[in-house]
Amino acid sequence: METLAKEDKEVLQLERLKKTVNSVFENVPFYRAKFEENHLQPEDIQSLEDIRKLPFTVKSDLRKNYPFGLFARPIEEIKRVHASSGTSGKPTVVGFTENDLNVWSEIVARAICACGGEPKGILHNAYGYGLFTGGLGIHYGSEKLGMATVPISGGNTERQITLIEDFKPTVITGTPSYVLNIVDKMEEMGKDPRKTSLKYGIFGAESWSEEMRATLEERLNIKAMDIYGLSEVMGPGVAIECKEAQQGLHIADDHFYVEVINPETLEPVPDGEEGELVFTSLTKEALPIIRYRTGDIASITKERCSCGRTSTRMSRLKGRIDDMLIIRGVNVFPSEIESVLLKVEELVPHYQLVISRQGAMDKVTLKVEINERFHQLIEQDMNHEQVKMLSNKISKKLKSYCLVTIDTKIESPGKIPRSEGKAIRIIREEKIPSIPS
Ligand code: DLL
C-alpha cells in the first residue's frame, strides 16, 4: 500500500470515496440534509475531483451533534469512543467500530515502522492514556507491529526515567514538550540522556519546530520523527515522517484523502503552497468524515520520497489558524517564535505567549526562561544589566526573523510551567471591563 503506483492509488481512493459518500448519505441525517441543501446525490461523485462538490464539515458540526449524532453505525457496533477535552463548550466525541480500530492499529504500526520501530524492540509510550487518542492510538499500533509496549502514559517523570534505564526501549513516543521535560529531569538527576538505549523518538500532537527537533535529537542522541493526526479524522498516524528522509510527513492516503484550501476563499491552493488541510476519511465506518476543515496550516507535495513510499506528503505543520497571532498587523505563528528562541543559548526551550486585550488591539507578552548556567553568571540577580542585554538580543532576533516587536519577560529557571502532555503555549487573559463606581 505504501508504494502503490499513483494511478492505482487513485482508483482505490475513488472506490472508497464513493462508498463513504453512500454511507453518510444513507446513515447520517446531518449529511443527507447538507447534500440535499446542495442538490447533491451520491451518484454525483464520479471522479476524485468531484469531491469539491461536497460541502465542508467543521468542528462545530460535531459539537452540535453531540455526542453521537454524526455516527454512521448504531451504538451496538461501536467498540470505543474518544473525546477532545474541549476548552469551550461540549467536547467533540469520536467513535470506532472494531474494523476502524483494526485499521487504525495497522496505520499506526506502519507509522512506527517508518520511524525505525521493529517487532523485536521495546516502545516507551509517554502519550496520555484516556479520552485523548494519543496513548491508546500508539499503544495498539505498537502491539500490532509486535513491539513490547510500555503503557506509561504522561507524568510521573522520575518513574519514566527509571523504566527507560531498566527496560531499555529503543523507541520513545510522546509530545515533544513532555519528552523535553523528561530530558531536563534526567540531567537534573545527574544522568546523561545521550547514553540511554533510545534510538528513535516519535513526537507530535502539538506544534514544534525544526529547532526543537535538533534539540531533542542532540540531547537524547536519537532520530526524532514527526507524527500528525487528529481525533476527528482518526488520531495519531494520519501522517508520519520516515526515518530515511525526514522530509515531510507521509499521509496514509489509502485511508484519508487530503486537500489544501485557502481558508478565506475556500478554493484549492496549488501543491507546495501553504493552506488549510482538509481531510475526507475513505474507510471509516463509525464516524466517516467529509471534507473536514482541520484548521491546521501546511502544504503538500506529490513528489516521490527518496524512501520509496509513493504517498502524498505534507510539510511540518506551521500551526493552527486559531493560534496565529496578529501583532501590529504581522501574522506570526508560535512555532516561528520557538525557532528563534531555541537559537538563544542563555534560554531553555520552554516559553509561553500571554495575550491580553488592550483597547482594540491584542497585546502579546513572550515569557521566556533562562538556563541555570546564565542564572549563576548573573548571580541570580534578575535585575542584572546582562538580563536587559539578553532581552534586547531576543527582541532583535525576533524582529529580524519574524518581523515583529514583542515585549519579552525573562523568568528565572523553573518558572514556566512544564507540560505532561500537550504544552500550553498560548494563554489568553480575558480582561473583564471594570464597572465605574
Ligand atoms: O493530537 C492526535 C495525535 C496524538 C497526534 C499523538 C500525534 C500524536 P487531537 O487531540 O484531536 O489529536 O489534536 C489534533 O493537534 O489538529 C493539530 O493542530 C495538532 N497536532 C497533531 N499532531 C501535530 C504535529 C491528536 N505533528 C490537533 N505537529 C491537530 C503539530 C499537531 N501539531
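Any read-out appearing in this document is the output of simple, stated calculations on the displayed coordinates, not a laboratory observation. Keep in mind the model is a prediction, meaning the values are calculated, not measured. Heads up, the Cβs are rebuilt from the backbone with ideal geometry, glycines too, and the neighbour counts pull from every protein chain shown.
Ratio of Rg to Rh for the stretch 1-147: 1.01 [Cα atoms; Kirkwood radius as inverse mean 1/r over pairs]. With all pairs of different C-alpha atoms in the average, the Kirkwood value for the hydrodynamic radius of the stretch 64-202 is 16.3 Å. Taking each DSSP H run with n ≥ 4 as -39500 (n - 2.57) and averaging over every residue of the chain yields -9500 deg cm²/dmol at 222 nm.
When you filter the trypsin sites (Lys or Arg not before Pro) in the stretch 283-366 for DSSP loop state and at most 14 other Cβ atoms inside 10 Å of their Cβ, you are left with LYS302, ARG304, ARG328, LYS343. Taken over the Cα atoms of the stretch 194-301, the convex hull encloses 115 Å³ per residue.
Legend: Rg and Dmax of the chain, from Cα coordinates, 22.8, 73 Å.
Among the trypsin sites (Lys or Arg not before Pro) found in the stretch 164-242, those both in a DSSP coil and sparsely packed, with 16 or fewer other Cβ atoms within 10 Å of their Cβ, are LYS191. For the stretch 318-369, the share of alpha carbon pairs falling in successive 10 Å distance bins from zero is 23, 52, 23, 2 percent.
Each of THR365, THR173, THR312 has some number of other Cβ atoms within 10 Å of its Cβ, and from fewest to most they run THR365, THR312, THR173. Size of the stretch 250-338: Rg and Dmax of its alpha carbons, in Å, are 14.4, 46.
Averaging over all projection directions, the Cα-based convex hull of the stretch 159-230 occupies 4.5 nm² in the image plane. Computed across the stretch 366-437, the Kirkwood radius stands at 14.6 Å (inverse of mean 1/r, all Cα pairs). For the chain, the Cβ-based charge dipole about the Cα centre amounts to some 640 debye (Lys, Arg positive; Asp, Glu negative; other atoms uncharged). Using every pair of separate Cα atoms, the Kirkwood estimate puts the hydrodynamic radius of the stretch 324-428 at 14.3 angstrom.
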